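Worksheet for the structure shown next.
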Amino acid sequence: MLDLAFLRHNRDLVARAAAQKNVAIDLDALLALDADVRGAKSEIDTLRAERNAISAGFKSAAPEEKAELGRRAKEAGAKASELEAGIAAKEEELRDQLLRLPNIPWDGAPVGPDENSNVVIRTEGTVPEFAFTPRDHVELVEMNDWADLGRIVQVSGSRQYCLKGRLALLETVLMSWALTKIAAAGFTPITVPALVREEAFVRQGQFPGHKEETYQLPNDDLWLAGTAEVALTSLHSGEILDLSNGPVLYAGYSPCFRREAGSAGRDVRGLLRVHQFAKVEQFVICQADEATSAEWHARLLGLAEELLTDLEIPYQVIETSTGDMGLGKFRMNDIESWVPSLGKYRETHSCSTLHDWQARRANLRYRDADGKVRFAHTLNNTALASPRILVPLLENHQTEDGRVRLPKALQGLMGGEYL
Ligand SMILES: Nc1ncnc2c1ncn2[C@@H]1O[C@H](COS(=O)(=O)NC(=O)[C@@H](N)CO)[C@@H](O)[C@H]1O
């Protein structure tokens, strides 16, 4: 959420950000609403002051004036209460509109409507040259009986998966390996629920705009989060954090649920895009300083790249466009991993800087060096998400006879050179 004062003084900057992020919002209507509410509030204050002044002087007033004074005090109080009732609905509407305002993207973001405007900024690792036609991950899984992608459809419907045997073990080993690696980098491992209240989605930024992507459990007034970021953004809501020893660093592990309502027909085969998956999430709450956020953005990205390097998966780093980065982002870098069967890179990680856009919604504050209480900055990044990461992992390391050689980093954990 943006600061109203910022909006009042930077209307054109916000209008440009909205245009660059394809956000339809009527800033003039929002500012008019803001003016109405401020006008009513100052009138209420005047009326309150008048009533208080009358009350203060009531005792010493001449007896014949008391009746008139009492009437005026009562009238002022009634008018103030009437005005207050009148603006309650307007304040609600104003807050809803403020929640839909985009963060201002950084100047280096490619300006464009969607992912086609994203720019590759770095390519790492060597795309494998196969002396045979590489199989796709579904073929590899089926020939090794590493999953049941057929039966499970009748149990759970489409976009679901169940891993079996060594691949089922590999998924749990990968999550534990990623959590341990990120913990070793100073992040506190934390497991959080996917069952979360609606307000947490508003604070994280997914609501009010994208409810259609989220499973709801109406009988319990709960929703299913698509990322640990949702719970982690709200965990410290309302607190005055002590960031004097550095940022709050979480390695959040959780099941993730997504309706993929907007993805009909895309990636329907296999493990790339499913309704329920597991993820280790990097989450940072740091002091409200652009350089500090930029430093942590680089560190988060570096950690994700380290994991991909250990997994010996070729990847490229993307500078995400204004139209693709989403409402709350100041900057987003995706990492895309090479998928041989597709002959292209596919997103496996997403690293974001949000400055205080989330912290203002979640009321995440800290006391700065001058003792001033301020909204913090937040960042988040994928450490590892499964089963999507299994797609490049299996396909890049496959052998002609359909086995999969494990990256060295996993051989000890998996007790052998091959899956
Ligand atoms: N439907 C899905 N199926 C499988 N994996 C998914 C799905 N949606 C997202 N992911 C994985 O989760 C990663 C992060 O998702 S994200 O929406 O891009 N970003 C976030 O959730 C942020 N909190 C950073 O992790 C993706 O890069 C991808 O690897």
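The values are calculated or read from the model by the stated rules, or taken from the named source; none is laboratory data. What you see is a predicted model, and the numbers here were worked out from it, not measured in a lab. Glycine also receives a Cβ, built like all others from the backbone with ideal geometry; neighbour counts cover every protein chain displayed.
Within the bounds of region 355-376, is there any residue that is over 23 Å from Leu94 (Cβ atoms) and within 16 Å of the ligand (Cβ to nearest atom)?
no
Go through region 202-219 and count every residue that is touching a strand residue (DSSP E or B) at 6+ places or on another chain (Cβ under 6 Å) and aromatic (Phe, Trp, Tyr). Steps first, please.
Taking region 202-219 and keeping what is touching a strand residue (DSSP E or B) at 6+ places or on another chain (Cβ under 6 Å), we get 214-216.
Retained after the next criterion (residues that are aromatic (Phe, Trp, Tyr)): 215.
Going through region 202-219 one residue at a time, the tally reaches 1.
Hey, among the residues in region 259-294 that are among the basic types (Lys, Arg) and out of contact with any Lys or Arg (no Cβ under 7 Å at 6 or more places or on another chain), which one's farthest from Arg159 (Cα to Cα)? I'd like the intermediate steps shown before the answer.
Start the filter on region 259-294 by keeping residues that are among the basic types (Lys, Arg), which leaves 259, 266, 269, 273, 279.
Within this subset, residues satisfying the condition of being out of contact with any Lys or Arg (no Cβ under 7 Å at 6 or more places or on another chain) are 259, 269, 279.
Numbers: Arg259: 9, Arg269: 8, Lys279: 17 Å.
Looking at residues that are among the basic types (Lys, Arg) and out of contact with any Lys or Arg (no Cβ under 7 Å at 6 or more places or on another chain), I get Lys279.
Determine which member of the set Gly262, Gly226 is free of Cβ contacts under 8 Å to residues at least 40 places away in the same chain and within 30 Å of Pro340 (Cβ to Cβ). Can you show your working first?
Working: Gly262 fails: free of Cβ contacts under 8 Å to residues at least 40 places away in the same chain.
Within the list Gly262, Gly226, the selection yields Gly226.
Taking the criterion of being surrounded by fewer than 23 Cβ atoms within 10 Å (Cβ to Cβ) and of a type in the set (Ser, Thr, Tyr), would at least one residue in region 309-322 satisfy it? It would help to see each step written out before you state the result.
Going through region 309-322, the residues surrounded by fewer than 23 Cβ atoms within 10 Å (Cβ to Cβ) turn out to be 309-310, 312, 314, 316-317, 319, 321.
If we keep only those that are of a type in the set (Ser, Thr, Tyr) too, we end up with 309, 321.
For region 309-322, residues surrounded by fewer than 23 Cβ atoms within 10 Å (Cβ to Cβ) and of a type in the set (Ser, Thr, Tyr): present.
Any idea how many residues of region 260-271 are within 9 Å of the ligand (Cβ to nearest atom) and either in a loop (DSSP other than H, G, I, E, B) or in contact with a helix residue (DSSP H, G or I) (Cβ under 7 Å, 6 or more places away or on another chain) (or both)? It would help to see each step written out before you state the result.
So the first thing to find is which residues in region 260-271 are within 9 Å of the ligand (Cβ to nearest atom), and the list is 260, 263, 267, 271.
From what's left, either in a loop (DSSP other than H, G, I, E, B) or in contact with a helix residue (DSSP H, G or I) (Cβ under 7 Å, 6 or more places away or on another chain) (or both): 260, 267, 271.
Matching residues across region 260-271 total 3.
Among the residues of region 154-169 satisfying the criterion of being within 16 Å of the ligand (Cβ to nearest atom) and surrounded by 11 or more Cβ atoms within 10 Å (Cβ to Cβ), which is nearest to Lys344 (Cα to Cα)? Working first, answer last.
Initial filter on region 154-169 (within 16 Å of the ligand (Cβ to nearest atom)): 156-163, 167.
Applying the additional criterion that residues be surrounded by 11 or more Cβ atoms within 10 Å (Cβ to Cβ) yields 156, 159-163, 167.
Working: Ser156: 30, Arg159: 21, Gln160: 23, Tyr161: 23, Cys162: 25, Leu163: 25, Leu167: 23 Å.
Among residues in region 154-169 that are within 16 Å of the ligand (Cβ to nearest atom) and surrounded by 11 or more Cβ atoms within 10 Å (Cβ to Cβ), the one nearest to Lys344 (Cα to Cα) is Arg159.
Which residues, counting only those in region 272-300, are within 12 Å of the ligand (Cβ to nearest atom) and within 16 Å of Glu229 (Cβ to Cβ)? Write out each step before concluding.
Taking region 272-300 and keeping what is within 12 Å of the ligand (Cβ to nearest atom), we get 272-284, 300.
Within region 272-300, Phe277, Ala278, Lys279, Val280, Glu281, Gln282, Phe283, Val284, Leu300 meet the criteria.
Only one residue in Gly402, Gly412, Gly323 is free of Cβ contacts under 8 Å to residues at least 12 places away in the same chain and away from the ligand (no atom under 14 Å from the Cβ). Which one?
Going through Gly402, Gly412, Gly323 in turn, just one is free of Cβ contacts under 8 Å to residues at least 12 places away in the same chain and away from the ligand (no atom under 14 Å from the Cβ): Gly412.
Which of the residues that make up region 134-153 are exposed (fewer than 12 other Cβ atoms within 10 Å of the Cβ) and modelled with pLDDT of 95 or more? If you could, list the steps in order and put the result at the bottom.
Of the residues in region 134-153, the ones exposed (fewer than 12 other Cβ atoms within 10 Å of the Cβ) are 145, 150-151.
Residue satisfying the conditions is Asp145 alone.
Please tell me if Leu232 is closer than 28 Å to Arg95 by Cα and touching a residue at least 40 places away in the same chain (Cβ under 8 Å). Break it down into steps so the answer makes sense when it comes.
Details: closer than 28 Å to Arg95 by Cα: yes; touching a residue at least 40 places away in the same chain (Cβ under 8 Å): yes.
Against the criterion (closer than 28 Å to Arg95 by Cα and touching a residue at least 40 places away in the same chain (Cβ under 8 Å)), Leu232 qualifies.
Just name the residue that is surrounded by the fewest Cβ atoms within 10 Å (Cβ to Cβ) out of those in region 177-209 that are of a type in the set (Gly, Ala, Ser) and touching a residue at least 12 places away in the same chain (Cβ under 8 Å).
Step one: list which residues in region 177-209 are of a type in the set (Gly, Ala, Ser), which gives 178, 183-186, 194, 200, 205, 209.
When the remaining residues are screened for being touching a residue at least 12 places away in the same chain (Cβ under 8 Å), the result is 178, 183, 185-186, 194, 200, 205, 209.
Details: Ala178: 28, Ala183: 16, Ala185: 15, Gly186: 11, Ala194: 19, Ala200: 22, Gly205: 26, Gly209: 16.
Among those residues, the one meeting the criterion is Gly186.
Return the pairs, sorted by first residue and then second, in which the second residue is away from the ligand (no atom under 16 Å from the Cβ) and of a type in the set (A, V, I, L, M, F, W, C), the first residue lies in region 154-166 and is at positive phi and at pLDDT 95 or above, the beta carbons are less than 8 Å apart, and the residues are 6+ apart or on different chains.
Hits for this filter: Gly165/Trp146.
Whether any residue in region 252-259 is touching a residue at least 60 places away in the same chain (Cβ under 8 Å), hydrophobic (A, V, I, L, M, F, W, C) and farther than 25 Å from Arg299 by Cα is what I want to check. Step through it out loud before you land on a result.
Kept after step one, since they are touching a residue at least 60 places away in the same chain (Cβ under 8 Å), are these residues of region 252-259: 252-257.
Okay, now just the ones that are also hydrophobic (A, V, I, L, M, F, W, C), so 256-257.
Going one step further and asking which of them are farther than 25 Å from Arg299 by Cα, we end up with 257.
Scanning region 252-259 turns up at least one residue that is touching a residue at least 60 places away in the same chain (Cβ under 8 Å), hydrophobic (A, V, I, L, M, F, W, C) and farther than 25 Å from Arg299 by Cα.
Determine which single condition Gly86 fails, assuming it passes every other condition in (1) over 34 Å from the mean Cα position of the chain (by Cα); (2) free of Cβ contacts under 8 Å to residues at least 12 places away in the same chain.
Unmet for Gly86, out of (1) over 34 Å from the mean Cα position of the chain (by Cα); (2) free of Cβ contacts under 8 Å to residues at least 12 places away in the same chain: (2).
Could you tell me how many of the residues in region 295-321 are out of contact with any strand residue (DSSP E or B) (no Cβ under 7 Å at 6 or more places or on another chain) and within 17 Å of Leu249 (Cα to Cα)?
Summing the residues that are out of contact with any strand residue (DSSP E or B) (no Cβ under 7 Å at 6 or more places or on another chain) and within 17 Å of Leu249 (Cα to Cα) in region 295-321 gives 4.
Could you tell me whether Pro340 is crowded, with 21+ Cβ neighbours inside 10 Å, within 24 Å of Tyr418 (Cα to Cα), more than 16 Å from the ligand (Cβ to nearest atom) and not β-branched (Val, Ile, Thr)?
Numbers: crowded, with 21+ Cβ neighbours inside 10 Å: yes; within 24 Å of Tyr418 (Cα to Cα): yes; more than 16 Å from the ligand (Cβ to nearest atom): yes; not β-branched (Val, Ile, Thr): yes.
Yes: the conditions hold for Pro340.
If only one of Arg331, Arg346 is farther than 11 Å from Pro105 by Cα, modelled with pLDDT of 95 or more and out of contact with any Cys (no Cβ under 6 Å at 6 or more places or on another chain), which one is it?
Values: Arg331 fails: farther than 11 Å from Pro105 by Cα.
The match here is Arg346.
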